[in-house]
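What follows is a set of notes on a single structure, which appears directly below.
Throughout, read-outs are computed from the coordinates displayed, never taken from laboratory work. Quantities reported herein were computed from a predicted structural model and do not represent experimental measurements. Glycine gets a Cβ as well: all are built from the backbone with ideal geometry, and neighbour counts include every protein chain shown.
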Amino acid sequence: MTEQSPALDNLLTESRTFPPSETFSAQANATADFYAEADADREAFWAKQAERLHWDTKWSQVLDWTNAPFAKWFVGGKLNVAYNCVDRHVADGHGEQVAIHWVGEPGDNRDITYAQLKDEVSKAANAFESLGITSGDRVAIQMPMVPEAIFAMLACARIGAVHSVVFGGFSPTALRSRVDDQAAKIVITTDGQYRRGKAAPMKVNVDEALEGAESVEKVIVVRRTGDEVPITEGRDLWWHELVDGQSAEHAPQAFDSEHPLFILYTSGTTGKPKGILHTSGGYLTQAAYTHHNVFDHKAGEDVYWCTADIGWITGHTYIVYGPLANRTTQVVYEGTPNTPHEGRHWEIVQQHKVSIYYTAPTLIRTFMKWGNEIPQKYDLSSLRVLGSVGEPINPEAWIWYRENVGANSAPIVDTWWQTETGAIMISPLPGVTATKPGSAQKALPGISAKVVDDQGVEVGKGGGGYLVLDKPWPGMLRGIWGDEERFRETYWSRFADQGYYFAGDGAKYDADGDIWLLGRVDDVMNVSGHRISTTEVESALVSHPTVAEAAVVGATDPTTGQGIVAFVILRGNAVDGGEEAVQELRDHVAKEIGPIAKPRQILVVQELPKTRSGKIMRRLLRDVAENRQVGDVTTLADSSVMDLISSGLKSGK
Ligand code: ATP
Ligand code: MG
């Protein structure tokens, strides 16, 4: 059946595997029997994970799914999320442990212990309450990666206010639409932010965004760059004037397990961003469970670093909630990876003896482009677990990561998840799984995922189709803010008969039944009746020694339906991409995965359009490939990239 109507052709083969060392496995948090334990009784398994947290009132029921697709986890339970992330570690005698090694871009540093974190969060909570913020109120946060951003998030959680973090680089229009959508009462920002060694304004953008914004009562401004900013009397308050003088005592109140914790807008790769709603008990349970097991984190021993921005879900779950719930000592870095030099990350790893490092494929490919000699200059021997998130990681980038960063020994965990899932869903377990470059492999214990065809029937080994989540999970979204219809339509209508959550990603099983993610269903190409994933063609291109990055789209073609158009960035040491080089790349793809996938056209470019979370925006490249007006670019990290690509193409070929 899958042979007659494949939802996705399965082209790329990758057979390298890397089992964990015996020494790693022997000390690992997660063991192979977790899978069987979770399969035997999923709810009991999750109840056990929830015991990692401090509950003021224990739940009476693990899961209530009677009102699907609106789940309730740990029904009747009450807890305070901030207490779990901060106070209880101090109460347990770990107040002197460093929670955050903060590294500012210009070279300033700040170490914050759990005891200090407790004081800062308590003061901010008192300050917010003094402004009349109460449980359920929305607070928008647009800040760079400064400690106050984390204090602000935790202070909201502490008083039951709902935070919504917006990327520091977003335009006034993008901020305004998010503020209006949730009717935020307070906005927290900074005077400015450091970006690539320069101070850039922030507050003036916020002012522009908030002109006439009716819901906003106060704007709180953290001083970071020291640049002068306009202050609106009666509305604007300096953080240091408001917060610093507050009492460091604040009694955390317990909230219902289903109390809203935050709203976060998706990155908008496929269209208008959605305000994803997450709640407390289930979310924190899965955040802590996954952080502990997927990264094999040991409290008080490891130094962990997740390079995401807090404006992205990864920053929420794997900088703030998961790690702090697990009493992590972590690095938080404010700036860009090449400021002031391309070895900045490795310098930080060396200095702080980072042992767990979690980043995105886009950055790994950038490191490849910069050259192997850069990481080689630093002592990276402290690293013992490496993670990847955000996009499928191309096998060659995976191998580069393992060899150049992980000394050929640190397990790599390729973690698939989404803003909507709240936490990691599909990933190897570092002490258990023999990893495969490019595959996220297996749903975690307690999680269930399937690859299905158009009809919702599971495909067999070697088959491709749509990724679905067929059972509810604790960290799942509880809706799209203010838009129940869009929630049902986007995620639950495609496989309504089966009641599956439709992730929107293409995937396949390999011969062992492991899952490979193949990019967005929206991006799948149809060439002469073959459904080809962008990821596979991109990975084939990246496996050529001259290519650092590739983005592939399907453009309308009179004979084949769609033709494959590739945009490639060459590696630092590669000569420029003349006719011959391009022909060689086309042949290389044909050789790697078959003639059907040979790109019709390959364009050498300097940059690719990416979101702030580092994802390639293929819909914009499709516009270029089909000579259309380029669509919405508001969530691009750098909107000038599209002009560069379009003009380069016009003048070039
Ligand atoms: P929008 O939904 O608005 O288009 P988005 O999907 O880019 O935005 P996120 O929730 O940040 O916003 O991204 C989730 C998506 O990222 C997944 O659906 C998947 O396509 C991709 N992704 C994340 N991690 C991985 C991974 N390890 N392997 C493959 N794809 C991944
Ligand atoms: Mg999405």
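Listing for the model above:
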| quantity | calculated |
| --- | --- |
| Residues T634 and S60, FRET efficiency given R0 of 45 Å [Cβ-Cβ distance, rounded to 0.05] | 0.50 |
| Förster-model FRET efficiency, 51 Å R0, K353 and D557, C-beta, rounded to 0.05 | 0.45 |
| Distance from segment 122-157 to segment 50-111 (C-alpha centre basis), Å | 16 Å |
| Chain lengthening between T23 and Q606 when straightened (0.36 nm per residue, less Cα-Cα) | 205.6 nm |
| Radius 12 Å from Cβ of G95, net charge of other residues (Lys, Arg +1; Asp, Glu -1) | -1 |
| Estimated vicinal HN-Hα couplings, Hz - segment 295-312 in sequence order (Karplus 6.51, -1.76, 1.60; Gly, Pro = x) | 9, 6, 6, 10, 4, x, 10, 6, 10, 10, 9, 10, 8, 5, 8, 5, x, 10 |
| Per residue, the convex hull volume that the Cα atoms of segment 528-650 enclose (Å³) | 111 Å³ |
| Amide H partners (placed H, <5 Å) of D309, local residues excluded | G315 |
| Hz values of 3J(HN,Hα) by residue in segment 220-230 - Karplus curve (6.51, -1.76, 1.60), Gly and Pro given as x | 9, 10, 8, 7, 10, 8, x, 5, 6, 10, x |
| In segment 153-199, the trypsin sites (Lys or Arg not before Pro) that fall in loop regions by DSSP, at most 15 other Cβ within 10 Å | R196 |
| Centre separation in Å (Cα based) which lies between segment 285-341 and segment 522-600 | 35 Å |
| Spacing of the two label points (7 Å from each Cα toward its C-beta) at N408 and S130, in nm | 6.0 nm |
| Protection proxy ranking of 552-562, 290-300 - average other beta-carbon atoms within 10 Å, highest first | 290-300, 552-562 |
| Sorted by Cβ neighbour density within 10 Å, fewest at the top, the residues E37, E241 | E241, E37 |
| For the chain, the spread of Cα positions along each principal axis, largest first, Å | 69, 58, 51 |
| 23 Å Cα-Cα threshold exceeded, pairs from K471/K615; K72/K471; K48/K274; K508/K615; K274/K610 | K471/K615; K48/K274 |
| Debye log10 I(q)/I(0) at q = 0.15 Å⁻¹ for segment 141-279, Cα point scatterers | -0.78 |
| 5 angstrom amide H check on R138, placed H, neighbours 5+ away | V162, K185 |
